[in-house]
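For reference, the structure discussed in these notes is given below.
Nothing in this text is a laboratory measurement; each read-out follows from the coordinates by a stated rule. Predicted, not measured: the structure shown is a model, and the values here were computed from it. Virtual Cβ from ideal backbone geometry, glycine too; neighbours counted across all protein chains shown.
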Amino acid sequence: PAMVELQGVSKRYADVDALHPVDLTIAKGEFVTLLGPSGSGKSTLLNLIAGMVAPSSGRIVIDGRDATTLPTNQRGLGMVFQNYALMPHMTVFENIAFPLQVRKVPKAEIRRRVGAVLDLIQLGHVANRRPRELSGGQQQRISLARCIVYNPALILMDEPLGALDKKLREQMQLEIKRLHAELGITMLYVTHDQDEALTMSDRIVLMNGGRIEQQGTPDTLYFRP
Ligand code: ADP
Ligand code: ADP
């Protein structure tokens, strides 16, 4: 079954076709990567699914529900950004607990669930620190934890490792893959890094000039020199 279905979805800004009409289906549990150069429409496609951008045409179905005009917070998805977007005045624990507090989850349950994801990302020992006291890699793991703590069926990640150095990036690629395998969450991942896409994805969607140029599994995809 499909987690996401785009039917003829496009986006035009003033005089720029950021995205020509695309059809795209993402299966439940799949790890799909949008790969392409800067300006090819990757973020636009992701932001359309997220509900941060309204489509100029087409229909967006998420988990069997027409989501075309649903606000972001009703789409049942989590997002991870390049700049972590953690709240600086809150501790690590409070940052991760925040989406549960917003959903009025009882305190004891919050403690249990935040503890569980801190174990999962192996950062229980920094629960009471603030984001600025942590490394970039740790901060990115916390923003991942904040995302998975409320069990979204779908996670969208826009260049989440872009701010990290090469070694940390490779470590985090494995971490994200491990979480995907363990939790079975559907992942849509945006990168312009070909190696990253090849390492992580079940399927790569290659974008160029606001269109889907080709798509396939990493071993069947044909890259132009
Ligand atoms: P990326 O390549 O990672 O998508 P960009 O620098 O292209 O980053 O875009 C950063 C932000 O600026 C995005 O939110 C995008 O929607 C917005 N943006 C990009 N191009 C334009 C533009 N020509 N006019 C206004 N906003 C833009
Ligand atoms: P990518 O994520 O692949 O870098 P984007 O989706 O950010 O590509 O951008 C696709 C095209 O749409 C680019 O030409 C960009 O400048 C343009 N664009 C993106 N956001 C905006 C915006 N808010 N206003 C105007 N143009 C935009």
Self-check item: Kirkwood Rh and Cα Rg combined as Rg over Rh, evaluated for the stretch 118-207
Solution: 0.95
Quiz item: What is the extension gain from Gln101 to Lys28, computed as 0.36 nm multiplied by their sequence separation minus the C-alpha to C-alpha distance, in nm to one decimal?
Solution: 23.5 nm
Quiz prompt | Computed over the chain: relative contact order in percent, which uses C-alpha pairs under 8 Å that are six or more apart | solution = 29
Exercise. Return the distance in nm (one decimal) between the two label points of a simple spin-label model at Arg12 and Arg130, each offset 7 Å from Cα along Cα→Cβ.
Key: 4.8
Self-check item: Cβ crowding within 10 Å averaged over residues, with 113-124, 165-176 ranked highest first
Solution: 113-124, 165-176
Quiz item: Any idea what the dipole of the chain comes to, in debye rounded to 20, about its Cα centre with Lys/Arg Cβ at +1 and Asp/Glu Cβ at -1?
Solution: 820
Quiz item: What is the calculated FRET efficiency for Arg111 to Gln82, with r their C-beta to C-beta distance and R₀ = 30 Å, to the nearest 0.05?
Solution: 0.50
Exercise. Tell me the label-point distance for the pair Met52, Arg178, using the 7 Å Cα-to-Cβ offset, in nm and rounded to one decimal.
Key: 2.7
Practice problem: Take every Cα-Cα distance within the stretch 154-220, group them into 5 Å bins from 0 onward, and report for each bin the whole-number percent of pairs it holds. | Solution: 3, 15, 28, 27, 18, 8, 1, 0
Quiz item: If you wrap a convex hull around the C-alpha atoms of the stretch 1-123 and split its volume per residue, what is the figure in Å³?
Solution: 154
Self-check item: Order of Phe31, Phe81 under a 10 Å beta carbon neighbour criterion, fewest first
Solution: Phe81, Phe31
Exercise. Take the Cα gyration tensor of the stretch 182-225, multiply each eigenvalue by 5, square-root it, and list the three semi-axes largest first, rounded to whole angstrom.
Key: 19, 12, 10
Quiz item: By its C-alpha gyration tensor, with a ≥ b ≥ c as the square roots of the eigenvalues, how is the chain shaped: rounded for a/c under 1.5, else prolate for a/b larger than b/c, else oblate?
Solution: prolate
